[in-house]
Every structure is written in structure tokens, then in C-alpha cells.
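Asks: Would you mind keeping the following structure in view while I ask a few things?
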Amino acid sequence: IDRYEKHKSVATRDIYDINYFFNQGLSFNSDVIIERRNCSVKDYLEDLVKFIDSKVTSKSITEDLHYLLSPQQFNLARKHLKIEVINNIKNSDGI
């Protein structure tokens with residue numbers, strides 16, 4: 001969200017990283033979210049889900065990830081990344 005607010009662009013790599021982070025079973029630092037976003041973790045994660053749902057598109061996934069991933073990884077990301085990361089956020093302890 002910070003990148004979008006500053007540059008009006010979406011970096012789908014960030015969404016990929018968020019998903020990787022959750023899939024590795026890592027946890028986030030609530031204090032950092034509260035300090036940087038000046039809101040509760042729950043509010044931030046709800047905003048993040050809305051942001052991803054509205055701003056991450058198939059086009060942005062294709063443009064940002066096709067050259068970073070193997071063809072097999074890219075095909076999975078293109079089909080499932082957005083849904084998977086939203087589900088991971090919704091299933092986190094923050095919401």
C-alpha cells in the first residue's frame with residue numbers, strides 16, 4: 001500500500017512476497033504495522049485485502065512476475081496468487 005500511495009503503481013512482486021511469507025509460516029510484527037500505518041493490525045489487514053482485491057490484476061501479475069519465476073511457478077502464480085494471498089491474510093491472526 002505504501003508503494004501505491006507514493007508512486008501510484010502496484011508491485012505484484014510485493015504481493016508474491018507477502019504470500020511467500022505466509023506460506024513459510026512466518027509471523028508479522030504488529031508493532032511495525034501500527035507504527036507505520038497508524039491503525040490497528042486488523043484495520044490494516046482488512047485494508048490490505050481490499051487493496052489487493054481492487055488493484056492486483058491478471059495484467060499486473062503477468063507484467064511483474066513473468067520474468068522472475070520459472071514457467072511452472074509463473075503459471076501457478078497467475079492462476080492462484082491473488083486468491084491465495086487474500087485467503088492467507090484473512091486466515092492470519094490479525095483479522
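Asks: What are the residues in segment 82-95 that are in a loop (DSSP other than H, G, I, E, B) and not hydrophobic (A, V, I, L, M, F, W, C), if any?
Replies: Result: Asn91, Ser92, Asp93, Gly94.
Asks: Another question, then. How many residues does segment 33-44 contain that are assigned to a loop (DSSP other than H, G, I, E, B) and either in contact (Cβ under 8 Å) with a residue 24 or more places away in the chain or of a type in the set (S, T, N, Q) (or both)?
Replies: 2
Asks: Right, something else. Got a number for residues in segment 47-81 being open to solvent by 90 Å² or more (accessible area, probe 1.4 Å), assigned to a helix (DSSP H, G or I) and in contact with a helix residue (DSSP H, G or I) (Cβ under 7 Å, 6 or more places away or on another chain)?
Replies: Going through segment 47-81 one residue at a time, the tally reaches 2.
Asks: Say we look at segment 18-43 and pick out the residues that are among the basic types (Lys, Arg) and open to solvent by 70 Å² or more (accessible area, probe 1.4 Å); which of these is farthest from Lys6 (Cα to Cα)?
Replies: Top of the filtered list is Lys42.
Asks: Take segment 14-32 and flag every residue that is part of a helix (DSSP H, G or I), in contact (Cβ under 8 Å) with a residue 12 or more places away in the chain and either out of contact with any Leu (no Cβ under 7 Å at 6 or more places or on another chain) or not aromatic (Phe, Trp, Tyr) (or both).
Replies: Ile15, Ile18, Asn19, Phe22, Asn23, Ser30
Asks: Continuing with this model, one more query. Tally the residues that are crowded, with 16+ Cβ neighbours inside 10 Å and assigned to a helix (DSSP H, G or I), restricting the search to segment 4-13.
Replies: Summing the residues that are crowded, with 16+ Cβ neighbours inside 10 Å and assigned to a helix (DSSP H, G or I) in segment 4-13 gives 1.
Asks: Another question, then. Could you list, in sequence order, all residues of segment 63-95 that are within 15 Å of the chain's Cα centre (by Cα) and polar (S, T, N, Q)?
Replies: Answer for segment 63-95, where residues must be within 15 Å of the chain's Cα centre (by Cα) and polar (S, T, N, Q): Asn87, Asn88, Asn91, Ser92.
The values are calculated or read from the model by the stated rules, or taken from the named source; none is laboratory data. None of the values given here were measured: they were computed from a predicted structure. Glycine also receives a Cβ, built like all others from the backbone with ideal geometry; neighbour counts cover every protein chain displayed. For accessibility, only protein heavy atoms count, side chains too; no ligands or nucleic acids. Shrake-Rupley method; radii C 1.70, N 1.55, O 1.52, S 1.80 Å.
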